[in-house]
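For reference, the structure is listed below as structure tokens.
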Amino acid sequence: MILNNRTTPISRKKVYGIIFAHADLPKAFQKTLKTFFGKLPNFAFITNSGLSAETLVRRLEKRLLRLGRRSVFLFVDMTGSSCWHICYPLKKKFKNIEIIAGFNLPMLVKFIQYREKVEPAELLSLIIAAGKETIKKMEE
């Protein structure tokens, strides 16, 4: 908790989310999450389709600068992908971001449910656990 110049408490708990992935994947997750939650404030969905790496870096940097010191979770589709490589240098420049690669729908649901309730470090643990726990082989 921090205080503003009027000594009103400001919660640092609300975490901004960005899905940055290939092709139409961000749009598909956006549509699915809207089905569950309705409006998705404080969330961006960015595709890499048709844009150069330089353009994508500029767009992400611009958004991160606009968010200031606010905590940001940047969900990338795959470790080692072009999206991941674009985000990697941003982690060094912006200390307030977490880059989560290889995300799934249960992780995003948990993120939305808890991003205003717990601190970012706990939220990160919760979403990673949700992702791992929900991958199962169906038995007969």
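Every residue in the range 35-81 that is of a type in the set (S, T, N, Q) and surrounded by 15 or more Cβ atoms within 10 Å (Cβ to Cβ), please.
Asn42, Thr47, Asn48, Ser71, Ser81
Output the number of the condition that Tyr88 fails; it satisfies all remaining conditions of (1) assigned to a helix (DSSP H, G or I); (2) at pLDDT 95 or above.
For Tyr88, the failing item is (2).
Could we say that Lys95 is under 28 Å from Ile135 (Cα atoms), outside any helix (DSSP H, G or I) and over 13 Å from the mean Cα position of the chain (by Cα) here?
Judged against the criteria, Lys95 is not a match.
What pairs can you find where one residue is in the range 108-127 and closer than 20 Å to Thr32 by Cβ, the other is among the small types (Gly, Ala, Ser) and assigned to a helix (DSSP H, G or I), and their Cβ atoms are less than 6 Å apart, with a gap of 6+ or different chains?
Going by the 6 Å Cβ cut-off, the qualifying pairs are Lys110/Ala130.
Among (1) over 12 Å from the mean Cα position of the chain (by Cα); (2) aliphatic (A, V, I, L, M); (3) within 18 Å of Leu74 (Cβ to Cβ), there is one condition Met138 misses while meeting the rest; what is its number?
Met138 satisfies all of (1) over 12 Å from the mean Cα position of the chain (by Cα); (2) aliphatic (A, V, I, L, M); (3) within 18 Å of Leu74 (Cβ to Cβ) except (3).
Quick check on the range 32-77: of everything there that is assigned to a loop (DSSP other than H, G, I, E, B) and in contact with a strand residue (DSSP E or B) (Cβ under 6 Å, 6 or more places away or on another chain), which residue is nearest to Gly17 (Cα to Cα)?
Asn42
Please work out which residue is nearest to Ser81 (Cα to Cα), limiting yourself to the range 18-34 and to residues that are surrounded by 13 or more Cβ atoms within 10 Å (Cβ to Cβ) and in contact with a Leu (Cβ under 8 Å, 6 or more places away or on another chain).
Only one residue tops the list, namely Phe20.
The values are calculated or read from the model by the stated rules, or taken from the named source; none is laboratory data. All of these numbers come straight from a predicted model, not from anything done at the bench. No Cβ is skipped: glycine too gets one built from the backbone with ideal geometry, and neighbour counts run over all protein chains shown.
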